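S.K.: Following this message is one structure expressed as structure tokens.
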Amino acid sequence: MSAPIAIDIVSDVVCPWCYVGKKRLEAALRMLPEQSFAIFWRPFQLDPTIPKEGMPRKTYLERKFGSPERLAQMHAPLIEIGKAEGIPFAFDKITRSPNTLDAHRLIRWAHEAGKQDEMVSRLYALYFTEGADIGKPEVLVKAATDVGLDGALVTQLLANGADLDPVIAEINGAGKMGITGVPTFIFASRFAISGAHPAETIKKAIEQTALTAR
């Protein structure tokens, strides 16, 4: 087994293309069974202006994208792409647009417990297939326990503002790096690709990274 390649994924948990990108990354990694990886999920906020308590999804989307008809046109291809990637997008179940800072804090803590990938998957599923409000502390605590984290500890950390400043600093750092869209995949701090590219494209980027590391 070769030395692990670090992959930093800058994403937001309310970004449907990030969910697609996660599935495609997983497919790319399966194509490289002899290579090991160290994967880190990094925070990004598509819209940091959403209030902490969130807002009605319908109000938010109409303000941002206009008519319901236009929104349906945007969702239709995503639903089909989701089916191909094993994601049963259920946009009609989503009633709240959350502020995602607390979700990113939870992802940070999950990394410390070796559960970051599972935590990201659970949050995506909660939001995009179950329609859960992932801005609510009780939803985040349940998500934490679902992947084996200490619910009582997460409750305490959420309440006392733990790691809020470092998460905000990481988000600001992504902007300073020139990242304006997600998902963005950074391989071994050498190469970066932005967007939910096909698995084969991601695989080639990883292979190129491995070649330059030799």
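Bear in mind these aren't lab numbers, they're just calculated from the coordinates by the rules spelled out. Everything numeric in this text was worked out from a predicted model, so none of it was measured. A quick note on method: Cβ atoms are made from the backbone with ideal geometry, for glycine too, and the neighbour counts reach across all protein chains shown.
S.K.: Just give me the residues in the stretch 183-214 being in contact with a Ser or Thr (Cβ under 8 Å, 6 or more places away or on another chain) and free of Cβ contacts under 8 Å to residues at least 60 places away in the same chain, in sequence order.
M.R.: Matches in the stretch 183-214: ARG190, PHE191, ALA192, ILE193, SER194.
S.K.: Determine the pairs where a residue that is more than 30 Å from ILE168 (Cβ to Cβ), located within the stretch 27-54, has a partner that is surrounded by 13 or more Cβ atoms within 10 Å (Cβ to Cβ) and of a type in the set (Asp, Glu) with Cβ atoms under 8 Å apart, the partner being 6 or more residues away or on another chain.
M.R.: These pairs meet every condition: LEU32/GLU207.
S.K.: Filter the stretch 34-64 down to the residues that are within 27 Å of PHE185 (Cα to Cα) and of a type in the set (Lys, Arg), then identify the one that is surrounded by the most Cβ atoms within 10 Å (Cβ to Cβ).
M.R.: ARG42
S.K.: Looking at the stretch 161-178, which of its residues are over 16 Å from GLU112 (Cβ atoms) and not charged (D, E, K, R)?
M.R.: Once the filter is applied, which keeps residues that are over 16 Å from GLU112 (Cβ atoms) and not charged (D, E, K, R), the stretch 161-178 yields GLY161, ILE168, ALA169, ILE171, ASN172, GLY173, ALA174, GLY175, MET177, GLY178.
S.K.: Of these, THR180, THR145, which one is hydroxyl-bearing (Ser, Thr, Tyr), without any contact (Cβ under 8 Å) to a residue 24 or more places away in the chain and touching a helix residue (DSSP H, G or I) at 6+ places or on another chain (Cβ under 7 Å)?
M.R.: Selected residue: THR145, the only one of THR180, THR145 that is hydroxyl-bearing (Ser, Thr, Tyr), without any contact (Cβ under 8 Å) to a residue 24 or more places away in the chain and touching a helix residue (DSSP H, G or I) at 6+ places or on another chain (Cβ under 7 Å).
S.K.: Please find, within the stretch 6-36, the residue that is farthest from TYR124 (Cα to Cα) out of those that are part of a strand (DSSP E or B) and touching a helix residue (DSSP H, G or I) at 6+ places or on another chain (Cβ under 6 Å).
M.R.: The selected residue is VAL10.
S.K.: If you scan the stretch 37-72, which residues turn out to be closer than 26 Å to PRO198 by Cα, part of a loop (DSSP other than H, G, I, E, B) and not polar (S, T, N, Q)?
M.R.: Of everything in the stretch 37-72, those that are closer than 26 Å to PRO198 by Cα, part of a loop (DSSP other than H, G, I, E, B) and not polar (S, T, N, Q) turn out to be PHE44, LEU46, ASP47.
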